[in-house]
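Readers should treat all values here as calculations from the given coordinates under stated rules, not as data from a laboratory. Computed from a predicted model, the values in this text were never measured in an experiment. Don't worry about glycine lacking a Cβ; one is built from the backbone with ideal geometry, like all the others, and counts go over all protein chains shown.
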Amino acid sequence: MNYKSIFVSDVHLGTRFSQAEHLLELLKETECENLFFVGDIIDGWAIRRKFKWAQSHSDVIQKVLRKARKGTKVFFITGNHDEFLRPFAPLLMGENLQIINETEYDAINGKKYLVTHGDFFDSITMTKRWLALLGDIGYDFVLYLNHILNKLRKLLRIQTHWSLSKYVKDNVKSSVSFITDFEGTLSEHASKQGYQGVICGHIHKAESKMIDKVEYLNCGDWVESCTCVVEHFDGKFEVVHWLEQLKK
């Protein structure tokens with residue numbers, strides 16, 4: 001599978017629930033001219049709490065470096081979980097790999113996109129860090145409950161999949177309101193800065209939609225959904241659900 005550009009966010013390497021193996025599949029089975037990692041690729045918050053680094057996490061990094069050496073332009077955009085890299089940005093590592101805090105992207109369709117992780121537009125992360133850290137621990141616990149539920153589902157041979165964390169995001173009023181506010185605020189900022197689109201991550205909810213006149217694209221995550229945004233050579237952007245792609 002060949003694409004003009006691939007955008008991936010929220011891999012959270014260094015955590016036990018990072019689905020690095022599936023990301024490695026994506027990197028092996030696709031080619032692109034530009035590879036954007038849109039923040040929270042390495043989870044510094046989790047590593048400080050408890051270091052958890054599987055071989056697959058190293059394999060992902062090695063594969064990315066190999067792609068860069070072979071000519072793929074790799075952009076590593078910092079997020080709040082890998083904010084330890086922000087003081088060093090912008091940083092050029094070789095000809096094809098750079099670490100930056102945000103960037104703009106001129107797409108084939110003629111639009112200019114703001115590419116940013118998105119945490120700067122999250123009022124909780126920016127103003128109540130202690131609450132963001134507490135929420136991160138709570139999210140990790142919900143993922144653990146998901147893990148237990150999935151084991152029970154397999155044991156009972158139940159075919160349907162149900163995610164507690166996805167249910168919370170999609171149905172709890174405060175969560176839905178937060179996501180809506182985040183999307184609207186970020187899209188409004190992009191519009192005021194002269195962009196016709198925005199590509200982001202942060203909230204672990206893949207999305208492709210128009211908000212007023214701004215094309216809003218969220219990469220999702222590689223902890224639960226294993227999604228990314230791709231740009232085809234005809235100029236079309238698409239959210240790819242990798243696990244569903246494997247079934248085809």
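Among the listed pairs LYS73/LYS192; LYS4/LYS52; LYS4/LYS70; LYS4/LYS63, which are separated by more than 25 Å between their Cα atoms? Going by Cα-Cα distance, LYS73/LYS192; LYS4/LYS52 fall outside the 25 Å limit.
Arranged from highest to lowest average of other beta-carbon atoms within 10 Å per residue, in what order do the peptides 21-30, 215-224 appear? Kindly include the intermediate steps, with their values, before the conclusion.
Working: 21-30: 16.9, 215-224: 24.5.
With the highest mean Cβ count within 10 Å placed first, the list reads 215-224, 21-30.
At a 10 Å Cβ-Cβ cut-off, how would you order PHE88, PHE36, PHE76, PHE7, fewest neighbours first? Please list the in-between numbers first.
Working: PHE88 9, PHE36 26, PHE76 22, PHE7 30.
Ascending Cβ contact count within 10 Å gives the list PHE88, PHE76, PHE36, PHE7.
By the gyration tensor of its Cα atoms, with a ≥ b ≥ c the square roots of the eigenvalues, what is the shape of region 1-92: rounded for a/c under 1.5, prolate for a/b over b/c, or oblate? Oblate, because a/c is 1.5 or more while a/b does not exceed b/c.
Taking label points 7 Å from Cα along the Cα-to-Cβ direction, LYS192 and LEU92 give a separation of 3.2 nm.
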